1. What are the residues in the range 316-360 that are open to solvent by less than 90 Å² (accessible area, probe 1.4 Å), in a loop (DSSP other than H, G, I, E, B) and without any contact (Cβ under 8 Å) to a residue 60 or more places away in the chain, if any?
2. Which of the residues belonging to the range 289-305 are part of a helix (DSSP H, G or I), of a type outside the set (A, V, I, L, M) and in contact (Cβ under 8 Å) with a residue 24 or more places away in the chain?
3. Do we have any residue at all in the range 85-106 that's open to solvent by 90 Å² or more (accessible area, probe 1.4 Å), among the hydrophobic types (A, V, I, L, M, F, W, C) and under 30 Å from the mean Cα position of the chain (by Cα)?
4. Within the range 272-288, restricting attention to residues that are hydroxyl-bearing (Ser, Thr, Tyr) and part of a helix (DSSP H, G or I), which residue is modelled with the lowest pLDDT?
5. Kindly indicate the residue of the range 238-260 that is closer than 15 Å to Ala302 by Cα and of a type in the set (Gly, Ala, Ser) and also surrounded by the most Cβ atoms within 10 Å (Cβ to Cβ) among those meeting that condition.
6. Report, ordered by the first and then the second residue, all pairs with beta carbons closer than 9 Å, sequence separation of six or more or different chains, a first member in the range 144-167 that is small (Gly, Ala, Ser), and a second member that is open to solvent by 70 Å² or more (accessible area, probe 1.4 Å) and not in a helix (DSSP H, G or I).
7. Residues to consider are Phe172, Phe116; find the one that is within 27 Å of Ala284 (Cβ to Cβ), open to solvent by 40 Å² or more (accessible area, probe 1.4 Å) and modelled with pLDDT of 90 or more.
8. Check His206, His263 and return the single one that is open to solvent by 30 Å² or more (accessible area, probe 1.4 Å), more than 17 Å from Cys161 (Cα to Cα) and at pLDDT 85 or above.
Amino acid sequence: LLLVGLYFKFNRIWSLRNLDLVLCVLLAPGLLLVYQGQSQRREGGTAEFLLKRTEGFEAGTVETGPFGQPQVPLSPEQFSAELLRKSPHIAPQVLAANVADRMELAISVKKRGISFERSGFIMLFAISGIWLIRLLLDPTMVRRPLLEPNLTAGGLMFIGCCLFIFLMANVFVATPNDEDLKGPKGAEALLTRTDTGQQGHEFQRHGPGYYLLSLLPSIPTMPFVDRQTHPNQRVAYATAAKVMAVLSHLAVVVAIVLIGYLHFDNIRTGIGTATLYLMLPYSAQMTGQVDHVLPAALLLWAVVFYRRPLPAGIFIGLAMGVCYYPFFLLPLWLSFYWHRGLVRFSLGVLATIVVMAISL
């Protein structure tokens, strides 16, 4: 509601700015469906796995995990404790059901989560397709009337600072759980050459990128699942992740304001856009995800320095080294510097990639 009140142009209902605002808002339902679906799928799958270990206890057999490692059977009492710890939302339903119906209930929750997740991704894919068409049509537009926010720069700055403080406080008070710490465990196992197969799998599922970042856990900021403190929690890694997440978001906000001030000669537009960034549901949901916000911050600072090819190349190289998707922006930047600055830009990119590769 605040986002619409600050940015929607009520005297120009059919303006392009209003369309962009609506498209930003339409990303929220898909994100929430995906997050809720992942939570239910994880809890249902955990309950199903624990029930199989309970069946092994009754049959006197030892189950094997997904990587061939033996799984110690669970007694009914151990099953109840583990289920309450790992799947707190569906635990009361499963424990209240008959023993014969528990497996069916766990599988149904898992399937419902998969359905929610699939629906969310379909919705996100459709809205992203509309965004793609919108951006491809943008260069064809000749006139773009200046449509500033409905609030003064001072008011926007106050709201933006409050939002930033609340979002970052949410990061600092959060506690990573077992799922959030899988990345650090896998990366640490690879670094210490103690990988057993399972940890490597957990590390690989993060995708290509600068694998040392996997040492930093994702900080949960939307508690759909109760967060339990892991007894072997890597406190140093969690602290580093929180600090890096806060600094990355600060870098994004400062870069957006500087782009408005330096390149558009309008600091009010920069402040308004930065505040809009802090209001977006994606920012609230993914606040603690360093691998999401760090590449975005590096790309924005490349735009800040676009008039200087060497620093811009360094930031693009850093972004490419951290995560793979900025690589697909490289042809765009090369074409921009084709007539002037191409050598300096390419030197910055290659030198940065080499330094990051050596650091690994």
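1. Tyr337, Gly341 - these are the residues of the range 316-360 that are open to solvent by less than 90 Å² (accessible area, probe 1.4 Å), in a loop (DSSP other than H, G, I, E, B) and without any contact (Cβ under 8 Å) to a residue 60 or more places away in the chain.
2. Asp291, Pro295, Trp301
3. no
4. Only one residue tops the list, namely Tyr282.
5. Only one residue tops the list, namely Ala255.
6. Pairs that qualify, where the first residue is small (Gly, Ala, Ser) and the partner is open to solvent by 70 Å² or more (accessible area, probe 1.4 Å) and not in a helix (DSSP H, G or I): there are none.
7. Sole residue among the options that is within 27 Å of Ala284 (Cβ to Cβ), open to solvent by 40 Å² or more (accessible area, probe 1.4 Å) and modelled with pLDDT of 90 or more: Phe116.
8. His263
The values are calculated or read from the model by the stated rules, or taken from the named source; none is laboratory data. Every value quoted in this text rests on a predicted model; they were computed, and no experiment measured them. Cβ coordinates were reconstructed from backbone atoms using ideal geometry, including for glycine residues, and neighbour counts include every protein chain displayed. Remember, those area values only see protein heavy atoms, side chains included, never the ligands or the DNA or RNA. Shrake-Rupley method; radii C 1.70, N 1.55, O 1.52, S 1.80 Å.
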